[in-house]
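Single-structure report; data block below.
Readers should treat all values here as calculations from the given coordinates under stated rules, not as data from a laboratory. Remember, predicted model here, so these are calculated numbers, not experimental data. Glycine also receives a Cβ, built like all others from the backbone with ideal geometry; neighbour counts cover every protein chain displayed.
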Amino acid sequence: MKTAFITGASSGFGLACAKALAKKDFKIIALARRKERLEALEAEFKDQIYSLNLDVRDKEGIFKAVENLPEDFKNISVLINNAGLALGVQKFDELSLEDIESMVDTNIKGFLYVARAIIPLLRKQKSANIFNLGSVAGRYPYPGGNVYCGTKAFVRQFSLALRNDLRGSNIKVTNIAPGLCKTEFSEVRFKGDKQKADLVYENTKFLSAEDIAEVICSILALPEHININELELMPVTQSWDNFYIERF
């Protein structure tokens with residue numbers, strides 16, 4: 001039985017991936033901050049789930065937890081480095097330093113802690129997959145995106161660079177870059193204001209977390225010699241806006 005390590009496993013992409021892979025007989029190491037949601041996942045899939053109630057920003061906690069994984073969960077062949085967040089839509093110079101640091105610490109530093117802790121275990125496998133959850137925001141900036149867009153551009157470039165470092169290891173690296181997808185993303189961005197969050201998705205068709213999980217499962221089913229470097233996906237209802245031109 002293969003094992004997948006998934007961050008942000010209590011909601012959104014992470015939860016959908018955990019459930020989809022568990023149903024395909026993977027063992028799941030589910031890392032998230034919300035203990036009660038991890039317990040619900042354990043209740044649903046029993047011994048297939050090993051939960052880690054941690055924040056990816058906890059450097060010491062991440063490395064200690066990985067070092068102390070049970071033997072029957074150390075055979076990790078899939079990493080889904082998913083935990084991340086956006087906070088606010090203010091102009092950069094109006095954004096709080098706390099929100100700036102939270103995005104950088106989670107989307108970049110926490111992301112790197114997890115990768116650094118897990119890759120040595122992936123190297124022990126005959127073959128393995130890393131899925132880094134980026135965003136279309138890493139390629140197409142938008143007003144109010146500033147720091148978030150920058151962190152996802154980092155994920156994209158790091159994913160490409162990591163392919164070079166892992167040459168010869170038979171570890172695949174894929175940057176998954178979704179567009180408009182309805183999860184708790186906007187609720188987090190608007191600090192729990194559900195009315196504002198719902199307006200983002202009003203009167204349109206969007207991706208679901210289950211769509212992303214299905215895409216990841218499809219990539220895992222590809223022949224061993226194929227690496228998808230980057231997969232960018234949007235709902236049909238989403239496209240690019242025109243360049244803004246200031247008029248006088």
**Request:** Calculate, for ALA40 and ASP93, the FRET efficiency according to 1/(1 + (r/R0)^6) with r their C-beta to C-beta distance and R0 30 Å; round to the nearest 0.05.
**Result:** 0.15
**Prompt:** Once you put a point 7 Å from the Cα of ARG167 and another 7 Å from the Cα of ASP47, both along the Cβ direction, what distance in nm separates them?
**Reply:** 4.4
**Asked** Dipole magnitude of segment 169-248 about its Cα centre, charges +1 at Lys/Arg Cβ and -1 at Asp/Glu Cβ only, in debye to the nearest 20?
**Response** 200
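Fully extended, how many nm does the chain gain between ILE100 and ASN203 (0.36 nm per residue separation, minus their Cα-Cα distance)? Write out the running numbers ahead of the final one.
Details: separation 103, 0.36 × 103 = 37.08 nm, distance 3.08 nm.
Residue separation times 0.36 nm, minus the Cα-Cα distance, leaves 34.0 nm.
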**Message:** Using the Karplus curve 6.51 cos²θ - 1.76 cosθ + 1.60 with θ = phi - 60°, what ³J(HN,Hα) values do you get for each residue of segment 72-88, in whole Hz, with x for Gly and Pro?
**Reply:** 7, 10, 8, 7, 7, 10, 9, 10, 10, 8, 10, 4, x, 7, 10, 10, x
**Request:** Identify, among ILE62, THR174, PHE92, the residue whose Cα sits farthest towards the positive end of the charge dipole of the chain, taking +1 on the Cβ of Lys and Arg and -1 on the Cβ of Asp and Glu, with the dipole about the Cα centre.
**Result:** THR174
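Multiply the residue gap between PHE243 and ARG116 by 0.36 nm, knock off their C-alpha separation, and tell me the result in nm, one decimal place.
Details: separation 127, 0.36 × 127 = 45.72 nm, distance 3.82 nm.
Here the answer is 41.9 nm.
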**Prompt:** Magnitude of the Cβ-charge dipole of segment 25-169, K/R +1 and D/E -1, about the Cα centre, nearest 20 debye?
**Reply:** 700
**Prompt:** For the chain, what is the mean residue ellipticity at 222 nm derived from helices alone (per DSSP H run of n ≥ 4: -39500 (n - 2.57); sum divided by total residues; nearest 500 deg cm²/dmol)?
**Reply:** -12000 deg cm²/dmol
**Asked** What is the dipole size for the chain, taken about its Cα centre, with +1 at each Lys and Arg Cβ and -1 at each Asp and Glu Cβ, in debye to the nearest 20?
**Response** 680
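Using 22 Å as the Cα-Cα cut-off, could you pick out the over-long pairs in LYS109/LYS152; LYS59/LYS91; LYS27/LYS74; LYS23/LYS46?
Numbers: LYS109/LYS152 12 Å; LYS59/LYS91 30 Å; LYS27/LYS74 10 Å; LYS23/LYS46 12 Å.
From LYS109/LYS152; LYS59/LYS91; LYS27/LYS74; LYS23/LYS46, over 22 Å: LYS59/LYS91.
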**Request:** Using +1 at the Cβ of each Lys and Arg and -1 at the Cβ of each Asp and Glu in segment 20-121, identify which of LEU79, LEU31, LEU112 lies farthest towards the dipole's positive end.
**Result:** LEU79
